[in-house]
Amino acid sequence: MKKLIVALTLLAGCLSWQANAESTLTFNKEIGPLVLNGDEVASDIFSSPNQLTLESGTNQVLFSLGQLVVEDGRRTKFNSVPFIVRFNAPSDDVALSYLPFRTMEEAKAFDKDPRFVLKSASGEMIPFQLEPLYVNGMQGMKNYEKAVLKYNQKETGIAVVAIGQTSTTPVDQIKPKNANTGSSQRMILEAGFNNLSAQEQQAFMMWAMKNLKNAS
C-alpha cells in the first residue's frame, strides 16, 4: 500500500511539473502572431492575440509587425515582412519585444536588420534564431501555415524545426476563442470594416468574395 501511495505521489508530481512546464509568450501590441508550432494562430481579421501558450522545449513562431510611422509629414502604417523565430522555452513566461521606430526610413531599416528582444519574466535573455519568411499572395489571402510547413520541409533556414516536432492540427479545426455568432458577429465585422483603409477594404472584399459560401 505504501508503494502505491509513493507511486501515485510521484505520478502526481510529474503531472504537476508537466503542467507547470508550460509558459506563455507575450508580444508587444504591434506584433501579431501568425503561426505557432505549425498551427495557424486563432484570430480575426482585425486583431491577433498578444499572448500564446508555449510547449516545453523547442518552439517556433511566425509573426509580423505593424506600427504607425511618419512618412512625408503624415502618419501611415508600416507592415513588416513576416519573421520566423525558434527558441527553447524556459520554465517561466517570456516576452518578445522591440524598440519602436518613428519614421518610415527607420522602419525600412529595421525590416532589413530586425532587432528583437526575447526575455524571460526573471530577466534572463533567451537566445533565439530569427529570419524573415516571405509569403506569396495578397494581404488577407496568404496561407501562413502552409508557408511555415514548406519552410521546415526545405530544412535550409536557421529557424527550422523538424516536421515531427510541430503540431499537425488542421486549420479548419482551429477556432477563434470567444467567437460570436449571428447579428453580433456581423456588427463586429461591420465596425472593423469601417476602420480599415481603402486598400485594406479592397483586400478584404477580394478575400470575402473568394471565400463566399453558397446559399442553401
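It is to be established whether one or more residues within the stretch 196-216 are modelled with pLDDT under 95, over 30 Å from Leu99 (Cβ atoms) and of a type in the set (Ser, Thr, Tyr). The answer is yes, given that some residue of the stretch 196-216 is modelled with pLDDT under 95, over 30 Å from Leu99 (Cβ atoms) and of a type in the set (Ser, Thr, Tyr).
Selection of strands (runs of 3 or more DSSP E) fully inside the stretch 52-139 by the criterion of at least 1 residues being within 18 Å of Gly32 (Cβ to Cβ) and touching a Pro at 6+ places or on another chain (Cβ under 9 Å) returns 57-71, 83-89, 94-98, 116-120, 129-132.
All of (1) crowded, with 16+ Cβ neighbours inside 10 Å; (2) modelled with pLDDT of 95 or more hold for Ser48 with one exception: (2). Hey, Phe63 hits all of (1) farther than 18 Å from Val148 by Cβ; (2) touching a Gly at 6+ places or on another chain (Cβ under 7 Å) but one; which does it fall short on? Of everything listed in (1) farther than 18 Å from Val148 by Cβ; (2) touching a Gly at 6+ places or on another chain (Cβ under 7 Å), Phe63 misses just condition (1).
Under the condition of being among the hydroxyl-bearing types (Ser, Thr, Tyr) and over 16 Å from Ala159 (Cβ atoms), which residue from the stretch 52-79 is nearest to the chain's Cα centre (by Cα)? Ranking the qualifying residues of the stretch 52-79, first place goes to Thr53.
In the stretch 30-45, the qualifying residues are those that are part of a loop (DSSP other than H, G, I, E, B) and at pLDDT 90 or above, and the one that is nearest to Ser97 (Cα to Cα) is Glu30. The residue that is nearest to the chain's Cα centre (by Cα), among those in the stretch 135-153 that are at pLDDT 95 or above and loosely packed, with under 13 Cβ neighbours inside 10 Å, is Lys150.
The values are calculated or read from the model by the stated rules, or taken from the named source; none is laboratory data. If you're wondering where the values come from, they're calculated on a predicted model, not measured in any experiment. Counting neighbours? That spans all protein chains shown, and the Cβs are built from the backbone with ideal geometry, glycine included.
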